[in-house]
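Let me begin by presenting the structure, written as structure tokens, before commenting on it.
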Amino acid sequence: MEARPETFHAVRCPRCGWSTDPSFDPPSCQQCGAMVEPQIDLSAVEVTPSDLDARPFDGLWRYAELLPIEASAAVSMGEGGTPLVDCPALADELGVNSFALKLEGHNPTGTFKDRGATLSISAAKALGVSDVALASAGNAGHAAAAYAARAGIDAHVFLPARASFTMKAMVNVHGGDLTVVEGRLSDAGRIYSDVLAEHDAWHPVATDDTPFRREGKKTMFYEVAEQRSWSSPDHIVYPTGGGVGLLGMYKAATELSDLGWIDSIPAFHAAQSTGCSPVVDAFDAGAETIDPVERPDTICGGIEVEAPGSDVELLSILRESGGTAVATDDDTILDSALSVAELEGIGIAPTAAAAVSGTNALVKRGDIASDDDVVAIATGTGLKEPDVLRGQLMRHGI
Ligand SMILES: *Cc1c(COP(=O)(O)O)cnc(C)c1O
Ligand SMILES: [Zn+2]
């Protein structure tokens, strides 16, 4: 069985344009060192929006014609196909025409990391590897352990001590090999790199090691566009750590635009916490690259990333799409998670709530107008960190 479709015809560097033959384990760009991206030959794509409309909305592999792996070679358990839920009460409170949340908590392990995992573990399986490894803040490790289990691959997961109990526990539950490292994601990342270097058989699937996670996360935008009858919202606000989802969604938006399926590309905004805001700092400074944060410290583990690897690409996506970057503090972020839960009945992850408080800040400073349509990506469910959400109520004496 050939896992690579003919339409996956090259890998290309988004930074300088260098390209080479397609591969499930492509090298970094030989010219500038950036991570390359799989390229789909859009002129050879035969599926149409009406074909897609006729398919059940049952997961991301329904976009197989736009993905670099054959659906028949997928390690899948129904990820994607998540609801886009209109939130009128929040829209009123925020002062925008419409506000919708893409509920990624509906994925098998409770976050959108499953979209990355289905592609990256499918690619690893197609390569025939025995082991995968990654460092993660928690959710990506949980997802990788689950998908590796399904693929019959051993997973080695390095998490910081501050990852939530659920994330650590579930790596164990899926049979993963868990290493808990004192400190933060960057500390886990250092140990991971050291151990990885000693194990030739381990295939790395951390954020900056494989482009297939980005390729999986791009399907969030296909779905948003399709759920809006093949149109872009004015704005997409995204809780940004490594920025994998932003990179993927922007790629998807350019693909759909090139295919002529959508008329416009939305403004992409990066929402961060003031406790770790390297993207915001670089954006505001007009910089081309991102300096690492010295001491990242936010309760939003998913976005506690001191230095996104694809920094040049991230900043240019924000600027080219007419978006921006915004940071709100942890207290405000957690309060907005409570607002979403109370006003709309939806329990979202603390990290995801940065996109809601970020939207509020963007409206206040005039980057989002009162007649605009906004989609925020609720990257994970609140059920993985209910203690954090309940704890915020305690701060209010409840
Ligand atoms: C990983 C994660 C993020 C950030 O994702 P990136 O695409 O790497 O920026 C946001 N929210 C949650 C819940 C996460 O687990
Ligand atoms: Zn390059």
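Descriptive notes on the structure:
- Inter-centroid distance (Cα atoms) of the stretch 62-110 relative to the stretch 21-48, Å: 24
- Within the stretch 1-72, GluC sites (Glu not before Pro) in DSSP loop having at most 15 other beta-carbon neighbours inside 10 Å: E2, E6, E46
- Note on the stretch 1-148: the C-alpha convex hull projects to 11.7 nm² when averaged across all orientations.
- On the beta carbon distance between F165 and V85, with R0 = 22 Å, the FRET formula returns roughly 0.20.
- GNM top mover of W61, W18, W202 - the chain, alpha-carbon springs below 10 Å: W18
- Global form of the chain, assessed from the alpha-carbon gyration tensor, a/c cut-off 1.5: rounded
- For the chain, carbon and sulfur atoms together expose 46% of the accessible surface, with a 1.4 angstrom probe and every protein chain in place.
- Net charge over other residues, Cβ less than 12 angstrom from the Cβ of L389 (K, R count +1; D, E count -1): -1
- Look at the alpha carbon pairs under 8 Å that are at least 6 residues apart: their mean separation over the length of the stretch 62-112 gives a relative contact order of 33 percent.
- The chain, accessible area per residue, ligands and nucleic acids excluded (1.4 Å, Å²): 38
- For A325, the residues whose modelled amide H falls within less than 5 Å of its own, excluding neighbours fewer than 5 places apart on the same chain, are A270.
- Percent breakdown of C-alpha pair distances by 5 Å bin, ordered from the shortest bin, for the stretch 356-398: 5, 18, 17, 16, 16, 15, 12, 1
- Candidate cross-link partners of K217 among the lysines, defined by an alpha-carbon separation under 27 Å and a same-chain spacing of 8 or more, comprise K102, K113, K125, K168, K251, K384.
- Applying 0.36 nm per residue to the separation of T274 and V45 and subtracting their alpha-carbon distance, the gain on full extension is 78.2 nm.
- Vicinal HN-Hα couplings computed from phi for the stretch 100-111 (Karplus, 6.51 cos²θ - 1.76 cosθ + 1.60; Hz; Gly/Pro x): 10, 10, 8, 8, 6, x, 6, 6, x, 9, x, 9
- The listed residues T111, T7 rank as T7, T111 when sorted by accessible area, largest first, using a 1.4 Å probe.
- Here the extension length gained between E2 and E198 equals 67.5 nm, from 0.36 nm per residue of separation less the Cα-Cα distance.
- Shape call, the stretch 280-357: gyration tensor on alpha carbons, a/c limit 1.5: prolate
- Loop-located GluC sites (Glu not before Pro) in the stretch 228-294 (DSSP state other than H, G, I, E, B) with a sparse environment of at most 16 neighbouring Cβ atoms within 10 Å: E288, E294.
- DSSP beta bridges in the chain [antiparallel fraction, %, rounded to 5]: 30
- T48 accessible area, assembled protein chains, probe 1.4 Å, Å²: 50
- For the stretch 278-294, 3J(HN,Hα) per residue [Karplus equation, 6.51 cos²θ - 1.76 cosθ + 1.60, θ = phi - 60°, Hz, x = Gly/Pro]: x, 6, 5, 4, 5, 4, 5, 7, x, 7, 9, 10, 10, 7, x, 6, 5
The values are calculated or read from the model by the stated rules, or taken from the named source; none is laboratory data. As the structure is a computational prediction, the values presented were derived from the model and not from experiment. Cβ sites come from the backbone with ideal geometry, for glycine too, and all protein chains shown count toward neighbours. For accessibility, only protein heavy atoms count, side chains too; no ligands or nucleic acids. Shrake-Rupley method; radii C 1.70, N 1.55, O 1.52, S 1.80 Å.
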